[in-house]
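**Student:** Take this structure, written in structure tokens, and hold onto it; I'll ask about it next.
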Amino acid sequence: MAEPISFPSSTEKLGLPLLFSGQAQKEFFLNQSLTIIDSLLCQSVEDTLDEPPADAQDGQCFIVSTSPSGDWAGHSSKIAVRIAESWHFVDPIDGLEVYDQAARQKRVFKTVWHQVSVPAQAQGGSVVDVEARAMLAELIAALRNVGIFTEMV
């Protein structure tokens with residue numbers, strides 16, 4: 001006879017709560033999981049903040065800064081998801097990419113959140129290659145358009 005499978009209490013990657021037979025209020029755990037999936041599936045956050053905004057709406061996501069306060073204290077670098085007028089926190093995994101709407105730039109998690117800085121424009125030098133500089137400027141503009149580099153405001 002096969003041994004029964006013993007499941008952990010949450011999923012490995014996103015920490016979504018799993019259901020157990022005989023569990024009371026299963027709908028709470030299922031709804032919480034579905035709401036977190038719905039919020040993170042679009043891979044977009046509103047902003048990176050130290051504390052929760054007073055006017056946050058359900059479904060909005062934020063990256064918690066490295067020095068959080070208030071309701072976010074102790075949740076550094078997590079993604080805060082607003083669900084049913086309360087905060088739920090998701091631990092990011094290495095390789096997670098989100099688009100930070102306030103910064104208008106992609107952010108990537110690898111131990112900490114990273115964003116790419118725009119390289120300085122080429123200047124000076126003993127040989128000036130106008131075509132190479134034009135190509136580099138076009139490449140930087142293309143990377144801005146897809147959110148790799150922050151957009152010029």
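The values are calculated or read from the model by the stated rules, or taken from the named source; none is laboratory data. It should be emphasised that the depicted structure is a prediction, and the values quoted were computed from it without experimental measurement. Reconstructed Cβ throughout: ideal geometry from the backbone, glycine too, with neighbour counts over all protein chains shown. Protein only, heavy atoms only, side chains kept; ligands, DNA and RNA dropped before computing areas. Shrake-Rupley method; radii C 1.70, N 1.55, O 1.52, S 1.80 Å.
**Student:** Consider Ser69 carefully, then state whether it is hydroxyl-bearing (Ser, Thr, Tyr) and at pLDDT below 90.
**Tutor:** no
**Student:** Another question, then. Restricting attention to region 47-96, and to residues there that are among the hydroxyl-bearing types (Ser, Thr, Tyr) and touching a residue at least 40 places away in the same chain (Cβ under 8 Å), which single residue is farthest from Thr35 (Cα to Cα)?
**Tutor:** Going through the qualifying residues, I end up with Thr66.
**Student:** Give region 18-36 a look and list any residue that's in a loop (DSSP other than H, G, I, E, B), surrounded by 10 or more Cβ atoms within 10 Å (Cβ to Cβ) and not polar (S, T, N, Q), or say none.
**Tutor:** Leu18, Leu19, Phe20, listed by residue number.
**Student:** Next question. Filter region 101-117 down to the residues that are aliphatic (A, V, I, L, M) and under 12 Å from the mean Cα position of the chain (by Cα) and list them by number.
**Tutor:** Val108, Val112
**Student:** Also: Among what's in region 37-49 and is assigned to a loop (DSSP other than H, G, I, E, B) and open to solvent by 80 Å² or more (accessible area, probe 1.4 Å), pick the residue that is farthest from Thr150 (Cα to Cα).
**Tutor:** Cys42
**Student:** Find the residue count for region 61-81, including only residues that are within 14 Å of the chain's Cα centre (by Cα) and of a type outside the set (A, V, I, L, M).
**Tutor:** 8
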